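Notes for the one structure printed next.
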Amino acid sequence: MRPASHTAFISHPDCLLHEMDFYHPESPARLKAIEDELSASGLMDKLRRYQAPLATIGQLERVHAQEHIARLQAAASRAASGGFVYLDPDTAMNSHSLQAAYRAAGAVVLATDLVIGGAVENAFCSIRPPGHHAERGYPMGFCLFNNIAVAVAHALETHALERVVVVDFDVHHGNGTEDIFQHDPRVMMVSTFQHPFYPYSGIAGRSERMVNIPLPAGSNGKVFRKAVDEFWLPALERFEPQMLFVSAGFDAHADDELASLNLVEDDYAWVTEKIKEVACAYAGKRIVSVLEGGYALAALGRSVAAHIKVLMKR
Ligand SMILES: [Zn+2]
């Protein structure tokens, strides 16, 4: 018998029902592309699959204002009769969106409990809506709740961790994660993002714990890897995190038309190796990775597979 995999894969069918408009790039097809590629490559059979629970209001309130949650609940009521309710020009809800958002945040909380509890070493949450643009008080940029922030707060409050890192390689800066944790000494964020570019943040808030590295449009994997080697790794070694969370957006891929960086699958495999080395050295191998962006469907599937393949390696 082969040994049980040490990597969890967490998702939920509710995440396929959320839609933000017809032809919106943040579509249910993204999750299907990931599952298709994992199945075709034979990886899916080796993963430990879990269904995402619903996040509780108490878990969400650790990082979101009550008014934010109430605003989404009110929008969900308006969407219940059908159609789309817009929260900003890019971000909308249908009648299933709130349930999907509770699942998305709940997936990452479950991943955190599984990894800290030792059931698995690491986990990938294949969920939508994504989260890293959602601030304490505002949804934006396709994001309703900040899924990774909800899980980080869960790790800090419920499991009493003292030093946690968020690694964010989405092509867009994770303004929501920065907004929520910039004054919390227990959390470091290391990120790369195209700049200047939506949401035009990431420069003003930089500090020893907010290691945000802007990359000019057109940057390739060589530039990305240099930023990781020069800025992320020394910061991570200094901080000695007890656990790593990854805002895994794959929209910096060369095929992705929403942005203009030129990463390829090998770059995602490489950065996952680096994250794993830090997790092995300081964090008892604990990694929770969460899907953020990535809109070129075939490239998204292949990139997630490259990422998960490294997570699964012994
Ligand atoms: Zn993005």
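A few notes on this one:
- Secondary structure note: in segment 7-312, about 10% of the DSSP beta bridges are antiparallel.
- Separation of alpha-carbon centers, segment 193-234 and segment 9-56, rounded to whole Å: 28 Å
- Estimated [θ] at 222 nm from DSSP helical runs (n ≥ 4, -39500 (n - 2.57)) normalised by residues in the chain, nearest 500: -11500 deg cm²/dmol
- For segment 206-314, applying the loop criterion from DSSP together with a ceiling of 12 other beta carbons within 10 Å to the chymotrypsin sites (Phe, Trp or Tyr not before Pro) yields no site.
- For the chain, the membrane-span-like helices by this rule, meaning whole DSSP H stretches whose C-alpha atoms cover at least 24 Å of axis and whose Kyte-Doolittle mean is -1.0 or above, are 97-117, 265-282; this says nothing about an actual membrane.
- Sorting the Cα pairs of segment 177-314 by distance into bins of 5 Å, from 0 upward, gives 2, 10, 19, 24, 22, 15, 7, 1 percent per bin.
- Dimensionless Rg/Rh of segment 7-312 - Kirkwood Rh, Rg from C-alpha atoms: 0.93
- GNM flexibility winner over the chain from T192, T56, T272 (Cα, springs under 10 Å): T56
- Among the chymotrypsin sites (Phe, Trp or Tyr not before Pro) found in segment 1-65, those both in a DSSP coil and sparsely packed, with 13 or fewer other Cβ atoms within 10 Å of their Cβ, are F22, Y23.
Every read-out reported here was derived from the displayed coordinates using simple, explicitly stated rules and does not represent laboratory data. As the structure is a prediction and not an experimental result, all values here were calculated from the model. Positions of Cβ are backbone-derived with ideal geometry, glycine not excepted, and every protein chain shown enters the neighbour counts.
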